[in-house]
Structure formats: C-alpha cells, structure tokens
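Asker: Here it is, the structure in full.
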C-alpha cells in the first residue's frame, strides 16, 4: 500500500450514475484484502455530488436563488483532503466491517464532509480569510456575485453565515436519513452530537487565544485537541466504528491512535500556515501572523525569546498591516528561538505515539494499514 502525501489529494469526480438507495449496515462475508483510500474518496465525492445536485434541482423547481446551491456545491467539491470521511469508513472496517462499504456508511461519511464545509465557511468569516483551497472563500465569492452593490462585502459575510448554516442542516439530513436500524443510528448520533459541541468549544478557545501571544502552552495544546484532534481524527473513527457496533474497548484503542495524531496534524498545520508555500497550501501564509493566532509555535517562541526577540513579536505579531518583510522578522524569531524545531520534534513524537498505539490495537490488518498510511500523510504533508 502506498504511503505518500498524495493519498489525500485526489480530485473530485462527477458521478457516473445515480447510486442505489442506501443499504443497511450489514457486514459482507468476505474479509477486506486492503482498503483503497482513493476509491473511498471517489465514493464520498460521488455521494456528495448526487446529494448537492438533487438539492440544486429542488431549489430551482421552487425558483430559489441558484447562487446559494451553486456556490456551496462548488466549495464542497472544489477539493480538500476528505480526511474525516476516510477515517469514518476506516473506523467501520476497524470495528469489523467487511467488503465494500454499504451506501449508508458512505452517506454518513459524506455527512462529515458537509459538516466540515459548515465549519470552514464560518471559520473563514471569523478570520476574514480571502482564500481557501486556492480559490476565494465563500464570503468573498458571494461578495463578488453581488458586486456593484454598496454593501457587497457585508452581504457576502452575512450570506456566507447562512450558507454555512445550510451545510450544517444538510449534514444532519445526510446523517439521519442513512438507512440503519434505530439502535445503531442512535449510537451514531451520540458520537456526532459530541463531535459537534466539542468542535464549537475548540473554535471558541481558538478565538479567545487569538491576539494573545502569551497564551500558555497547555492552553494551546488543549485548543488543538478540541478543535482538531477530536474533531478531525477521534470522532470520525468513533462514528464509523459505531456503524459497525464497536464496543468501548475498541473506541478507546482508536482514541489512543487518533488523539496524538490529531495534535501532530494541527501542529503541522500551524507550521504550514506560517512557513508554507501558498501555491501549495492554497491559502496565504500571513493570515495567522496578522491575526495573532495563539498557537503553540508562538507560545514557545514567546517563552524562549530574549528582550529583542520579544519586542519583535510584540511589535509585529497580530498586526493587521503586517507585510512580508515584517513577517520575515517574525519567522526569524520563530526559527532562532528554536520554536519551529521544537514543534517539528513534537510532531515526530506524537506521530510515534500514534504508531505505537496502532501496533497495540490489534485491529484488522487492512484497517491497520490504512491508518498507518493516513498517519504518514497527515504528518508529512505540505498542504
């Protein structure tokens, strides 16, 4: 099985046909010989495409504004790693799922991507971000659609909040309409409900820490755990495992893998947001510095900085008008204090913790291989 970062970067494909109605979450009799993550990503994209096209037709039949479904559809299908849906399906395999995942499993996995669209749209409004996945954010796309109006920018932000809410509602629809026995669906909803409130608290912690470069290191890690590790890794795995009737012991084993890997993923994201190449990451590398994001990277630098370095951070970090020259001075402090190297070391340490947890978990071999591939791609990524 391949282990490179391209595993999470397959472009979306249009549906070749309308999929059959969702099936119950029955287990196939034959054991999985390997999990094709690329094929799973295509399955999720196909389910999202069919769902969004159906919603677009329903809106057109009622003569509702086409830009609402059009811009949301374009955003959801534009790209992205599809990490949460992939982990959901792998969680199903980890709990004993066999053969080709039933349509209901794929549908639940797709609901996670729709929920993620909601989170990203609102996050971009809060951050005032201009780019996402190499293209204008939803609020900027809506502002461009209404160009010529004096309030186009304000309208774009307000309308994006509504589109995010719509993505949230459609995520819930995808989840509750999946065909599973009521008891199984109740277990799934319990996990999904926990995921939703946890990530809201994570986002709140992130907002509070923004603009506070002295944010302590424990708080920065706590934010990373709630905003990313639990939301992106742990709960999607739990959700898929619940679809196959996992017991608490298996969920604990998945958590032991997911939480350190999720922290490593967020720490890598912090580095890419500051030192990454926008042509590769698809978003600017000045936004976190201008916003004053309270990351562990900056917390470590503030603690280690000498008076001159601290003055540089206090002067430029969190400055809305930060330019590339000033950003270069901030990056130099992050390098010279050893903060960047320390984050790289933490990423490696957390990755090793996840790998050791995976070795101890005694999961089906196909699930273990897939999770090992995902762990490598998540920590060694460049976008």
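Asker: With the checklist (1) part of a helix (DSSP H, G or I); (2) under 18 Å from the mean Cα position of the chain (by Cα) in hand, flag the one item residue 129 doesn't pass.
Answerer: (1)
Asker: Going by the structure shown, is residue 39 surrounded by fewer than 18 Cβ atoms within 10 Å (Cβ to Cβ), without any contact (Cβ under 8 Å) to a residue 12 or more places away in the chain, assigned to a helix (DSSP H, G or I) and touching a helix residue (DSSP H, G or I) at 6+ places or on another chain (Cβ under 6 Å)? I'd like the intermediate steps shown before the answer.
Answerer: Working: surrounded by fewer than 18 Cβ atoms within 10 Å (Cβ to Cβ): yes; without any contact (Cβ under 8 Å) to a residue 12 or more places away in the chain: yes; assigned to a helix (DSSP H, G or I): yes; touching a helix residue (DSSP H, G or I) at 6+ places or on another chain (Cβ under 6 Å): no.
Considered against the rule, which asks whether it is surrounded by fewer than 18 Cβ atoms within 10 Å (Cβ to Cβ), without any contact (Cβ under 8 Å) to a residue 12 or more places away in the chain, assigned to a helix (DSSP H, G or I) and touching a helix residue (DSSP H, G or I) at 6+ places or on another chain (Cβ under 6 Å), residue 39 comes out as no.
Asker: Please enumerate the residues belonging to segment 226-263 that are outside any helix (DSSP H, G or I) and free of Cβ contacts under 8 Å to residues at least 60 places away in the same chain.
Answerer: Here is the first cut: in segment 226-263, the ones outside any helix (DSSP H, G or I) are 244-247.
Answer for segment 226-263, where residues must be outside any helix (DSSP H, G or I) and free of Cβ contacts under 8 Å to residues at least 60 places away in the same chain: just 247.
Asker: Of the residues in segment 153-183, how many are crowded, with 17+ Cβ neighbours inside 10 Å, assigned to a helix (DSSP H, G or I) and more than 20 Å from the chain's Cα centre (by Cα)?
Answerer: 3
Asker: I would also like to ask the following. Go over the candidates 274, 280, 315 one by one and state the one that is surrounded by fewer than 17 Cβ atoms within 10 Å (Cβ to Cβ), part of a helix (DSSP H, G or I) and in contact (Cβ under 8 Å) with a residue 12 or more places away in the chain.
Answerer: Selected residue: 280, the only one of 274, 280, 315 that is surrounded by fewer than 17 Cβ atoms within 10 Å (Cβ to Cβ), part of a helix (DSSP H, G or I) and in contact (Cβ under 8 Å) with a residue 12 or more places away in the chain.
Asker: Quick check on my filter: what residues within segment 350-383 are in a helix (DSSP H, G or I), under 30 Å from residue 298 (Cβ atoms) and either free of Cβ contacts under 8 Å to residues at least 12 places away in the same chain or touching a helix residue (DSSP H, G or I) at 6+ places or on another chain (Cβ under 6 Å) (or both)?
Answerer: 350, 351, 352, 353, 354, 356, 357, 375, 377, 378, 379
Asker: Report whether or not residue 218 is closer than 21 Å to residue 268 by Cα and assigned to a helix (DSSP H, G or I).
Answerer: When the stated conditions are applied, residue 218 passes them.
Asker: Going through 144, 218 one at a time, which residue ends up being closer than 13 Å to residue 71 by Cβ and surrounded by fewer than 19 Cβ atoms within 10 Å (Cβ to Cβ)?
Answerer: Just one listed residue meets the conditions, 144.
Throughout, read-outs are computed from the coordinates displayed, never taken from laboratory work. Bear in mind the structure is a predicted one, so any value in this text is a computation, not a measurement. Cβ coordinates were reconstructed from backbone atoms using ideal geometry, including for glycine residues, and neighbour counts include every protein chain displayed.
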